[in-house]
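Chemist: Just passing along the structure, written as structure tokens.
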Amino acid sequence: MFDAIDHVGIAVEEIDAALETYTGTFGMALVHRERVPAHGIELAMLAVGAEHVELVAPLASDTPVGRFLSARGPGLHHIAYRVADIDATMATLRGRSVELLDETPREGALASRIAFLHPRSADGVLTELVQR
Ligand code: CO
């Protein structure tokens, strides 16, 4: 059902400061950067081989990522699995009593379609599905 690990999401306070670490210190290539006001985030995608690390910073404190940072501080935020058909995968998971945070897929970065599963359904890990 899951074809690959698409990316690992890391919550950060501020994208530019985090990029100093990830592009500067770690030497990763920045492949995409985008503000997504509808989700209250700014994100940066960094290449690691064929996969990515996604830095996610909140646009305001009263957003999901802002509340995550207030409660836990910066750190691992979610894991994203690549799927071939996100609609079919969501239907399958729904049939297996998985709790979905998105009723229908939404538009993700780089023309992808994404949906999140509740951490309760994945041993405490916020889990994202990505169809490229
Ligand atoms: Co993500």
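The values are calculated or read from the model by the stated rules, or taken from the named source; none is laboratory data. Computed from a prediction, not measured in an experiment: that's the story for all the values here. Note that we place each Cβ from the backbone using ideal geometry, even for glycine, and neighbour counts take in every protein chain shown. In case anyone asks, the SASA skips ligands and DNA or RNA and just uses the protein heavy atoms, side chains included. Shrake-Rupley method; radii C 1.70, N 1.55, O 1.52, S 1.80 Å.
Chemist: What single numbered condition from (1) open to solvent by less than 60 Å² (accessible area, probe 1.4 Å); (2) touching a residue at least 24 places away in the same chain (Cβ under 8 Å) fails to hold for Glu13?
Modeler: Every listed condition holds for Glu13 apart from (1).
Chemist: Are any of the residues in the stretch 46-60 under 13 Å from the mean Cα position of the chain (by Cα) and over 16 Å from His7 (Cα atoms)? First the steps, then the outcome.
Modeler: Going residue by residue through the stretch 46-60, those that are under 13 Å from the mean Cα position of the chain (by Cα) are 46, 51-58.
Next, only the ones that are over 16 Å from His7 (Cα atoms) stay: 58.
Yes: the stretch 46-60 contains one or more residues that are under 13 Å from the mean Cα position of the chain (by Cα) and over 16 Å from His7 (Cα atoms).
Let's see how each residue does on (1) loosely packed, with under 14 Cβ neighbours inside 10 Å; (2) assigned to a helix (DSSP H, G or I); (3) within 16 Å of the ligand (Cβ to nearest atom):
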| site | (1), (2), (3) |
| --- | --- |
| Glu54 | no, no, yes |
| Leu69 | no, yes, yes |
| His78 | no, no, yes |
| Tyr81 | no, no, yes |
| Ala88 | yes, yes, no |
| Arg94 | yes, yes, no |
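Chemist: Name the residues in the stretch 32-52 that are assigned to a loop (DSSP other than H, G, I, E, B), in contact with a Ser or Thr (Cβ under 8 Å, 6 or more places away or on another chain) and either open to solvent by 30 Å² or more (accessible area, probe 1.4 Å) or within 14 Å of Ile79 (Cα to Cα) (or both), would you?
Modeler: So the first thing to find is which residues in the stretch 32-52 are assigned to a loop (DSSP other than H, G, I, E, B), and the list is 40, 49-50.
Next cut, in contact with a Ser or Thr (Cβ under 8 Å, 6 or more places away or on another chain) only: 40.
Passing the criteria: none in range.
Chemist: On to the next question. Of the residues Glu128, Glu107, which single one is touching a residue at least 24 places away in the same chain (Cβ under 8 Å) and either within 16 Å of the ligand (Cβ to nearest atom) or open to solvent by less than 30 Å² (accessible area, probe 1.4 Å) (or both)?
Modeler: Details: Glu107 fails: touching a residue at least 24 places away in the same chain (Cβ under 8 Å).
The conditions single out Glu128.
Chemist: Moving to a separate point now. Considering only residues of the stretch 57-67 that are in a loop (DSSP other than H, G, I, E, B) and among the hydrophobic types (A, V, I, L, M, F, W, C), which is least open to solvent (accessible area, probe 1.4 Å)?
Modeler: Here is the first cut: in the stretch 57-67, the residues in a loop (DSSP other than H, G, I, E, B) are 59-63.
Retained after the next criterion (residues that are among the hydrophobic types (A, V, I, L, M, F, W, C)): 59-60.
Values: Leu59: 65, Ala60: 42 Å².
Among those residues, the one meeting the criterion is Ala60.
Chemist: Restricting attention to the stretch 1-31, report how many residues are part of a helix (DSSP H, G or I) and within 16 Å of the ligand (Cβ to nearest atom).
Modeler: 3
Chemist: Give just the number: which of (1) under 26 Å from Gly124 (Cα atoms); (2) over 15 Å from the mean Cα position of the chain (by Cα); (3) modelled with pLDDT of 95 or more does Ala17 not satisfy?
Modeler: Going through (1) under 26 Å from Gly124 (Cα atoms); (2) over 15 Å from the mean Cα position of the chain (by Cα); (3) modelled with pLDDT of 95 or more one by one, Ala17 breaks only (1).
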